[in-house]
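Written below as structure tokens is the structure these notes are about.
The values are calculated or read from the model by the stated rules, or taken from the named source; none is laboratory data. Note that the structure is a prediction, hence the values are computed from the model and not measured. Every residue, glycine among them, receives a Cβ derived from its backbone with ideal geometry; neighbour counts consider all protein chains shown. Side chains included, ligands, DNA and RNA excluded: accessible areas come from the protein's heavy atoms. Shrake-Rupley method; radii C 1.70, N 1.55, O 1.52, S 1.80 Å.
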Amino acid sequence: MIDIRENDGGRTLFVLNTENTTYTFRLLENGQIEHLYYGPRIDVLSSDGLLEHHAFPPGNSSIYSSECGSFSPEDMRYEYSAPGKGDIRESMIEAVYADGSRSLDLIYDSHEVKNGKPELKGMPSSYGKEDEVQSLIINLKDKNGPLLCRLIYSVFESSDVICRRTVLENIAEEPLRIEKAMSMQLDMDPGSYVFHTFTGAWAREMKKSDIPLKAGKISVSSRTGSSSNRANPFFMISEKGTTEDYGLCYGFNLVYSGNHYEAAERSAYGKIRVLSGIQPEGFEWILDKGECFETPEAVLCVSDEGFGSLSRRFHRFIKEHIVRGKWQHKNRPVLLNSWEAAYFDISESRLLGLAKKAKAAGIELFVMDDGWFGKRDDDSTSLGDWYVNKKKLPHGIKGLADKIGELGLKFGIWVEPEMVNEESELYKAHPEWALRIPGKDHSTGRNQMFLDLSINEVQEYIINCMKELFSSADISYVKWDMNRNFTDVYSAALPAERQGEVAHRYILGLYRIMKELTKAFPNILFEGCASGGNRFDPGILSYFPQIWASDDSDAIARVQIQEGYSYGYPQCTYTAHVSDVPNHQTLRRTPLETRFNVAASAVLGYECNLSDLSSEELDVIKEQISLYKKWRSVLQFGEYYRCRSFSDATDKNSLESDDNKDAEWVIVSPDKKKAVCVVLQQLVHPNTQWLMIKPKGLDPDKKYRIRSRVFKTNLKDFGGLVNYVAPVHVKQDGAIHNILAKFVKMETEKEDHLMSGSALMKAGMRLKSAFSGCGYSEEMRFYPDHASRMYFIESQEEKDERTDKPE
Ligand code: DGJ
């Protein structure tokens with residue numbers, strides 16, 4: 001994997017190979033390190049032809065020294081960068097010595113190779129066995145001052161991932177101020193590249209944007225204190241023209257849950273510098289003598305087979321080397337969450353009523369969301385007071401959990417331990433534990449304040465409090481919420497000169513808490529949440545195997561949100577719920593079937609008022625859940641392929657129209673014997689009968705049976721058209737219409753075909769005609785606005801392994 005050639009034309013050449021990719025760099029004459037290549041796997045004979053030739057420095061540029069007068073640092077591809085010696089692009093590291101100087105001259109000193117990974121203290125990072133990952137540590141020394149820098153590369157051969165991080169060490173007597181410490185830098189050759197970001201806001205997370213890197217610098221970042229829904233730390237750079245299945249693209253992520261920063265800068269000479277790490281704005285870290293600062297770990301991956309292949313590499317990596325613990329590969333339960341059914345208005349009887357319905361529908365886990373503690377009747381009070389509200393739950397958590405258990409359901413609970421309301425007993429007892437500037441007004445969000453997790457005593461308090469709560473009843477699941485952004489960042493426990501450390505120290509405190517609690521409760525399934533996806537990142541996933549992806553459960557909005565996540569995260573990490581209509585975030589009505597098809601493409605849950613649903617709807621939900629259980633391991637852990645997206649500008653499978661947008665995706669079992677394909681339409685385009693699906697990822701040589709999910713439609717969905725067949729006039733929504741709708745049930749079209757994998761993937765499968773203003777028949781596809789279909793694909797070679805049998 002790591003191949004070091006000590007004598008490559010008199011200098012050392014480093015070649016880092018994974019199964020399908022190569023990363024290589026070489027020492028320069030002045031001891032700096034030149035990046036040579038990162039891309040699809042190549043055979044590196046030597047650096048010959050990979051090294052750049054610089055006969056003279058470009059006009060009006062600086063040179064490193066008179067001995068190295070043929071090149072300007074501004075025009076080099078470096079493994080790392082620092083200011084002051086002629087590289088005027090954005091730098092990876094910035095520090096200020098006691099004398100105020102900022103010029104850093106980091107030069108190669110030594111290197112070592114290790115099987116496995118050097119430990120990263122206090123922060124999560126990827127993990128792998130000694131035969132899965134090998135690490136290279138490059139030791140750099142500053143010629144200008146007492147600073148050491150280590151560049152750490154961890155090579156995951158079979159995952160095609162290279163992780164990078166940086167360690168800075170102060171070897172001076174005096175303190176050193178670090179102002180910027182990025183985790184990684186990648187200097188790329190000139191070319192036509194596109195920067196793909198995943199930005200958004202509450203209820204509309206992970207919107208992909210494609211920004212051509214023409215000139216200057218493009219950056220995304222967060223200063224919310226969390227990895228944020230404003231800009232996820234996952235991003236991609238692709239060569240112009242890259243598609244889902246073809247072309248060169250790079251993906252990057254950060255194993256970190258706090259403020260982060262990602263940038264791509266096109267230099268005056270066309271080269272692209274990519275950086276990722278802790279947000280430098282507002283950040284400072286004072287290193288005392290002998291101390292080290294360790295950056296979070298960055299994850300790098302490249303593929304020349306398009307975005308789809310890049311995504312699946314990331315998925316495998318996150319599944320195998322980020323998520324850990326009992327739930328890593330274990331099927332996740334189908335849950336019912338009380339939030340949108342009851343909000344704060346919960347009581348034992350109300351919850352038990354919901355739980356009974358849940359059990360009857362086949363749900364496995366009942367989750368009591370916000371509202372169960374202190375005086376929590378709205379969001380203005382009680383965060384911090386983690387004792388049960390006896391008025392709502394007279395028999396306590398244990399009493400409720402036992403009753404839920406007797407129904408045959410597992411029990412889960414909601415907490416938001418990082419927060420405190422001013423209206424709380426905790427705040428009255430410990431106002432100094434809140435993150436605020438003493439003597440100054442404090443801004444709030446959702447009426448709450450952060451507890452100062454940089455303080456050890458606060459960490460201990462949360463750990464003990466949660467330990468007591470989690471062991472007070474039979475709790476199988478915890479939803480860990482976090483509902484605000486940083487303001488007035490200041491810790492009363494730190495001196496003035498260290499206030500730039502607070503945001504990072506908060507995250508270190510959070511990680512300690514998460515580590516302790518997940519260690520103490522290895523069987524609990526923890527789900528992260530931050531007003532939905534305001535903290536969705538590999539750092540959280542290192543402790544909690546799944547995260548609530550968005551507070552927006554509207555199926556149409558969710559298609560885009562889940563598609564956004566699918567670029568960097570496997571579907572077993574994001575949870576999705578079927579909720580009521582009109583949807584509580586958008587007021588849109590989508591069919592129950594579509595709500596299921598979208599939520600079932602992730603970790604499925606329900607968040608609706610089952611007590612108010614009709615028996616017909618409950619029957620449908622029961623069928624959905626039983627189907628999901630049969631296909632759950634494919635849906636949760638299969639390989640994800642995006643086939644069509646709402647954002648496809650010209651879609652060859654439908655008419656070119658702005659209002660007719662289709663999405664299609666397929667999830668394939670790793671052995672390619674089973675797959676589930678979903679196709680979904682945003683809005684109807686009139687007079688379009690034709691549609692086909694074209695799944696990906698199947699075995700071209702296998703024979704597959706492909707069947708549609710058949711479900712019942714409501715006669716009332718045809719409105720007054722019923723009068724075309726009714727012997728007497730039926731008034732829309734009148735009594736006869738309602739009675740007819742109750743008894744006349746129409747099933748959707750049946751698709752049942754036998755096709756080879758190659759035919760399915762290359763020719764596609766043509767679906768039955770959609771209703772187009774006329775031509776109703778039983779074989780017609782009822783396909784109004786927001787309609788969707790789920791298709792089940794099974795290899796016919798292994799009949800005994802068919803998925804029809806229950807789990
Ligand atoms: C925000 C979460 O995203 C919701 O799902 C819900 O748990 C509320 N917080 C409760 O306050």
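Quick notes on this structure:
- Per the conditions (1) within 16 Å of the ligand (Cβ to nearest atom); (2) assigned to a strand (DSSP E or B), the sole criterion not satisfied by Arg273 is (1).
- Criterion (over 28 Å from Leu168 (Cα atoms) and modelled with pLDDT of 95 or more) met by exactly one of Gly306, Gly277: Gly306
- Within segment 154-176, tally of residues that are surrounded by fewer than 23 Cβ atoms within 10 Å (Cβ to Cβ), in contact with a Leu (Cβ under 8 Å, 6 or more places away or on another chain) and not hydrophobic (A, V, I, L, M, F, W, C): 2
- Selection from segment 553-572 of residues that are within 15 Å of the ligand (Cβ to nearest atom) and surrounded by fewer than 24 Cβ atoms within 10 Å (Cβ to Cβ): Ala557
- Scanning segment 461-485 for residues that are of a type in the set (Phe, Trp, Tyr) and within 16 Å of the ligand (Cβ to nearest atom) returns Tyr477, Trp480.
- His53 open to solvent by 30 Å² or more (accessible area, probe 1.4 Å), part of a loop (DSSP other than H, G, I, E, B) and either of a type outside the set (Lys, Arg) or touching a strand residue (DSSP E or B) at 6+ places or on another chain (Cβ under 6 Å) (or both): yes
The rows are residues; the columns are (1) hydroxyl-bearing (Ser, Thr, Tyr); (2) in contact with a helix residue (DSSP H, G or I) (Cβ under 6 Å, 6 or more places away or on another chain); (3) in contact (Cβ under 8 Å) with a residue 40 or more places away in the chain; (4) closer than 21 Å to Pro83 by Cα.
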{"position": "Glu6", "(1), (2), (3), (4)": "no, no, no, no"}
{"position": "Phe14", "(1), (2), (3), (4)": "no, no, yes, no"}
{"position": "Thr18", "(1), (2), (3), (4)": "yes, no, yes, no"}
{"position": "Thr22", "(1), (2), (3), (4)": "yes, no, no, no"}
{"position": "Glu29", "(1), (2), (3), (4)": "no, no, no, yes"}
{"position": "His35", "(1), (2), (3), (4)": "no, no, yes, yes"}
{"position": "Tyr38", "(1), (2), (3), (4)": "yes, no, yes, no"}
{"position": "His53", "(1), (2), (3), (4)": "no, no, no, no"}
{"position": "Ser62", "(1), (2), (3), (4)": "yes, no, no, yes"}
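Matching residues to (1) farther than 29 Å from Leu435 by Cβ; (2) open to solvent by 30 Å² or more (accessible area, probe 1.4 Å); (3) within 15 Å of the ligand (Cβ to nearest atom):
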site	(1), (2), (3)
Arg332	yes, no, no
Ser338	yes, no, yes
Tyr343	no, yes, yes
Arg350	yes, yes, no
Lys359	yes, yes, no
Ile363	yes, no, no
Gly374	no, no, yes
Gly408	yes, yes, no
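- Residue that is least open to solvent (accessible area, probe 1.4 Å) [pool: residues in segment 595-650 that are more than 16 Å from Pro333 (Cα to Cα), among the polar types (S, T, N, Q) and outside any loop (DSSP other than H, G, I, E, B)]: Asn597
- Boolean, Lys799 is open to solvent by 80 Å² or more (accessible area, probe 1.4 Å) and either small (Gly, Ala, Ser) or at pLDDT 95 or above (or both): no
- Here Asn687 passes the criteria (1) modelled with pLDDT under 90; (2) surrounded by 13 or more Cβ atoms within 10 Å (Cβ to Cβ) except the one numbered (2).
Yes/no matrix, rows are residues, columns are (1) touching a helix residue (DSSP H, G or I) at 6+ places or on another chain (Cβ under 9 Å); (2) of a type in the set (Asp, Glu); (3) open to solvent by 20 Å² or more (accessible area, probe 1.4 Å); (4) assigned to a loop (DSSP other than H, G, I, E, B):
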position	(1), (2), (3), (4)
Ile237	no, no, no, no
Thr243	yes, no, yes, yes
Gly251	yes, no, no, no
Tyr261	no, no, yes, no
Tyr269	yes, no, yes, yes
Glu281	no, yes, yes, yes
Lys289	no, no, yes, yes
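- Among the strands (runs of 3 or more DSSP E) confined to segment 166-229, the ones with at least 2 residues that are closer than 27 Å to Cys149 by Cβ are located at 176-188, 216-221.
- Residue identified as away from the ligand (no atom under 16 Å from the Cβ) and modelled with pLDDT of 95 or more among Leu587, Leu604: Leu587
- Every test in (1) more than 16 Å from the ligand (Cβ to nearest atom); (2) closer than 30 Å to Glu320 by Cα is passed by Asp619 save one, and that test is (2).
- Residues that are more than 13 Å from the ligand (Cβ to nearest atom), open to solvent by less than 10 Å² (accessible area, probe 1.4 Å) and part of a loop (DSSP other than H, G, I, E, B), drawn from segment 530-544: Asp537, Ser542, Phe544
- Residue list for segment 457-499, restricted to those being in contact with a Leu (Cβ under 7 Å, 6 or more places away or on another chain), among the polar types (S, T, N, Q) and open to solvent by 10 Å² or more (accessible area, probe 1.4 Å): Gln459, Ser476
Yes/no matrix, rows are residues, columns are (1) modelled with pLDDT of 95 or more; (2) buried (at least 19 other Cβ atoms within 10 Å of the Cβ):
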| position | (1), (2) |
| --- | --- |
| Gln32 | yes, yes |
| Glu67 | no, no |
| Tyr80 | yes, yes |
| Ile93 | yes, yes |
| Arg102 | yes, no |
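- All of Asn7, Asn60 fail the test of being in a strand (DSSP E or B) and not aliphatic (A, V, I, L, M), apart from Asn7.
- Screening Phe521 with (1) surrounded by fewer than 24 Cβ atoms within 10 Å (Cβ to Cβ); (2) in contact with a Gly (Cβ under 8 Å, 6 or more places away or on another chain) gives one miss only, at (2).
- When Arg313, Arg324 are checked against the criterion of being crowded, with 20+ Cβ neighbours inside 10 Å, over 30 Å from Tyr427 (Cβ atoms) and more than 16 Å from the ligand (Cβ to nearest atom), Arg313 stands alone in meeting it.
- Qualifying residue in segment 479-496 (condition: of a type in the set (Ser, Thr, Tyr), out of contact with any Ser or Thr (no Cβ under 9 Å at 6 or more places or on another chain) and touching a residue at least 60 places away in the same chain (Cβ under 8 Å)): no
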